[in-house]
Amino acid sequence: MKSTAIRYATAFSLKIPLIKPMLMAGVHITHAETFIVRLETHQGIVGWGENTAAPSHGGQTLEQMEHAFHQDIHTLLIGQDSRCLAGITNLIAQKFPTGSGAVAAIDMALYDLLGKELGVDSCTLMGGRQRDEIPPLWLIGTKSVEADIAETEKCLALGYRFFKLKLGVKSVEEDIQSLVGMRKILGPEIQICADANMGYSTEQAVTFLQGCRDANVAFLEQPLAKENIAGLKHICDLKLAPIGLDESITSSADMIKAKEYGVSGVSLKTLKLGGISGVIRSAAVCNAMELQINLAGKIAETSIASAAVLQLSAALNGVNWGVSPSHLYLAEDIVDKPIQPVNGMYSIPNAPGLGIEVNEDQLKRFHA
């Protein structure tokens, strides 16, 4: 048996509280529900991967991921050579097409595992780093205009230079007031985007875009329900601001259609695109189609998935629509040293693998 063969493969479902509730259209989030994979080789090297429950975003539920992993995929992983990263991911994806959520977490764990075996950071396995630091995109989502602006002022003082306003919790008129108020606080240079999470009608989206016409919105993300294609084409044609998609994007075919509709960019997430490998493939499609990339995690992932987002941000050609590690929204994390921004910038970890160390005692506290 090769020393690089996988000896153990286990998974954990966790429920971790947020620092404070995050509000978005139709949703009030108080906890992160996330699926953690642990792979260990005969050398005793451990790799960690993660996929957050996100059925509304093209992902899967915890129950779906648990079932696929424990009933089907787990046995197949044992004995696989961890150096065959792409081969393992492709094998389990083909054999278990309904296990996409678990496959994404396994793929991430393989990047962590192989990086540790070879003594290189994960972005080296992705083709090498193009940058050493990245500014994070900070989410603003509260119940009032005043609280949105107060949160913006606080985060500006901490050094953040890119903001996303969550829409659809308040009225459209209040959403406009929040974004225009944020622009007054931030000045003309700092970027602001907005995300309706499918919570607007076509008429509401037009009202918002017209009301923020002079606020220089970097992009409006997923304003409409997935099936409202006519409305999407209409607001793209207005050219009041670039339009991006998130929940509508679960494959390369979706990206090609989005470009045809007039969309300017898309949000890429490991949870819905097959892990790190899937995001890399999707980014190549975006580059070919001249689509902007927002690289994001769902609210909220632990430092495992956030580290993967940062490693990807180092390797991809362009992430001009922002990078959103989401572990700082958690009340507690499962790693010893959560990655922290300094003066509004994240340094990309350069330790082997994803660059984080999981505290297994801490992890056990949050078993769902």
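Considering (1) in contact with a strand residue (DSSP E or B) (Cβ under 7 Å, 6 or more places away or on another chain); (2) over 23 Å from MET126 (Cα atoms), the lone condition that HIS57 does not fulfil carries the number (1). Selection of first residues in the stretch 251-266 that are under 14 Å from ALA230 (Cα atoms) and of second residues that are of a type in the set (Val, Ile, Thr) and assigned to a helix (DSSP H, G or I), restricted to Cβ pairs under 8 Å at least 6 apart or on distinct chains, gives the following pairs, ordered by first then second residue: TYR261/ILE229.
Filter the stretch 91-102 for residues that are open to solvent by 10 Å² or more (accessible area, probe 1.4 Å), in a helix (DSSP H, G or I) and either touching a strand residue (DSSP E or B) at 6+ places or on another chain (Cβ under 7 Å) or hydrophobic (A, V, I, L, M, F, W, C) (or both) and give the result. Steps first, answer last, please.
At the first step, the residues of the stretch 91-102 found to be open to solvent by 10 Å² or more (accessible area, probe 1.4 Å) are 91, 93-98, 100.
So of that shortlist, the ones also in a helix (DSSP H, G or I) come out as 91, 93-95, 97-98, 100.
Within the stretch 91-102, LEU91, ALA93 qualify.
Which of the residues that make up the stretch 60-87 are within 23 Å of the chain's Cα centre (by Cα), buried (at least 19 other Cβ atoms within 10 Å of the Cβ) and either assigned to a loop (DSSP other than H, G, I, E, B) or free of Cβ contacts under 8 Å to residues at least 24 places away in the same chain (or both)? The one that is within 23 Å of the chain's Cα centre (by Cα), buried (at least 19 other Cβ atoms within 10 Å of the Cβ) and either assigned to a loop (DSSP other than H, G, I, E, B) or free of Cβ contacts under 8 Å to residues at least 24 places away in the same chain (or both): GLN60.
Scanning the stretch 276-317 for residues that are farther than 21 Å from SER347 by Cβ and touching a residue at least 40 places away in the same chain (Cβ under 8 Å) returns SER277, GLY278, ILE280, GLN292, LYS298, ILE299. Residue check: is ILE29 more than 23 Å from LEU118 (Cβ to Cβ), within 18 Å of the chain's Cα centre (by Cα) and open to solvent by less than 40 Å² (accessible area, probe 1.4 Å)? Criteria met by ILE29. Is it true that GLU247 is open to solvent by less than 10 Å² (accessible area, probe 1.4 Å) and of a type in the set (Asp, Glu)? Taking the combined requirement at face value, the residue satisfies it. In this structure, is ALA230 part of a loop (DSSP other than H, G, I, E, B) and either more than 26 Å from LEU186 (Cβ to Cβ) or modelled with pLDDT under 95 (or both)? Criteria not met by ALA230. Scanning the stretch 116-133 for residues that are closer than 18 Å to VAL279 by Cα and either assigned to a loop (DSSP other than H, G, I, E, B) or open to solvent by less than 10 Å² (accessible area, probe 1.4 Å) (or both) returns SER122, CYS123, MET126, GLY127, GLY128, ARG129, GLN130, ARG131.
A single entry from LYS272, LYS259 fulfils the requirement of being of a type in the set (D, E, K, R) and at pLDDT 95 or above: LYS259. In the stretch 316-332, is there at least one residue being closer than 26 Å to GLY87 by Cα and modelled with pLDDT of 95 or more? Yes, because at least one residue in the stretch 316-332 is closer than 26 Å to GLY87 by Cα and modelled with pLDDT of 95 or more.
With the requirement that a residue be of a type in the set (D, E, K, R) and out of contact with any Phe, Trp or Tyr (no Cβ under 9 Å at 6 or more places or on another chain), what does the stretch 107-153 give you?
Just the residues of the stretch 107-153 that are of a type in the set (D, E, K, R), to begin with: 107, 112, 116-117, 121, 129, 131-133, 143, 146, 148, 151, 153.
Answer for the stretch 107-153, where residues must be of a type in the set (D, E, K, R) and out of contact with any Phe, Trp or Tyr (no Cβ under 9 Å at 6 or more places or on another chain): ASP107, LYS116, GLU117, ASP121, ARG129, ARG131, ASP132, LYS143, GLU146, ASP148, GLU153.
From the list THR142, THR152, the one residue that fits, being assigned to a loop (DSSP other than H, G, I, E, B), of a type in the set (Val, Ile, Thr) and surrounded by 14 or more Cβ atoms within 10 Å (Cβ to Cβ), is THR142. Considering only residues in the stretch 161-181 that are among the small types (Gly, Ala, Ser) and under 12 Å from GLY199 (Cα atoms), the one that is least open to solvent (accessible area, probe 1.4 Å) turns out to be GLY168.
In the stretch 32-59, of all residues being among the hydrophobic types (A, V, I, L, M, F, W, C) and in a loop (DSSP other than H, G, I, E, B), the one that is surrounded by the most Cβ atoms within 10 Å (Cβ to Cβ) corresponds to ALA53.
So, PRO21, is that one open to solvent by 60 Å² or more (accessible area, probe 1.4 Å), out of contact with any strand residue (DSSP E or B) (no Cβ under 7 Å at 6 or more places or on another chain), without any contact (Cβ under 8 Å) to a residue 24 or more places away in the chain and over 21 Å from ILE356 (Cβ atoms) or not? Taking the combined requirement at face value, the residue does not satisfy it. So in the stretch 253-286, with the set limited to residues that are among the hydrophobic types (A, V, I, L, M, F, W, C) and within 15 Å of the chain's Cα centre (by Cα), which one is most open to solvent (accessible area, probe 1.4 Å)? Selected residue: ILE280. Counting the residues of the stretch 287-325 that are assigned to a loop (DSSP other than H, G, I, E, B), surrounded by fewer than 24 Cβ atoms within 10 Å (Cβ to Cβ) and of a type in the set (S, T, N, Q) gives 2.
The values are calculated or read from the model by the stated rules, or taken from the named source; none is laboratory data. Keep in mind that this is a model prediction, so the values were computed, not measured. All Cβ positions, glycine included, derive from the backbone under ideal geometry; neighbour counts span all protein chains shown. With ligands, DNA and RNA removed, areas are computed over all heavy atoms of the protein, side chains included. Shrake-Rupley method; radii C 1.70, N 1.55, O 1.52, S 1.80 Å.
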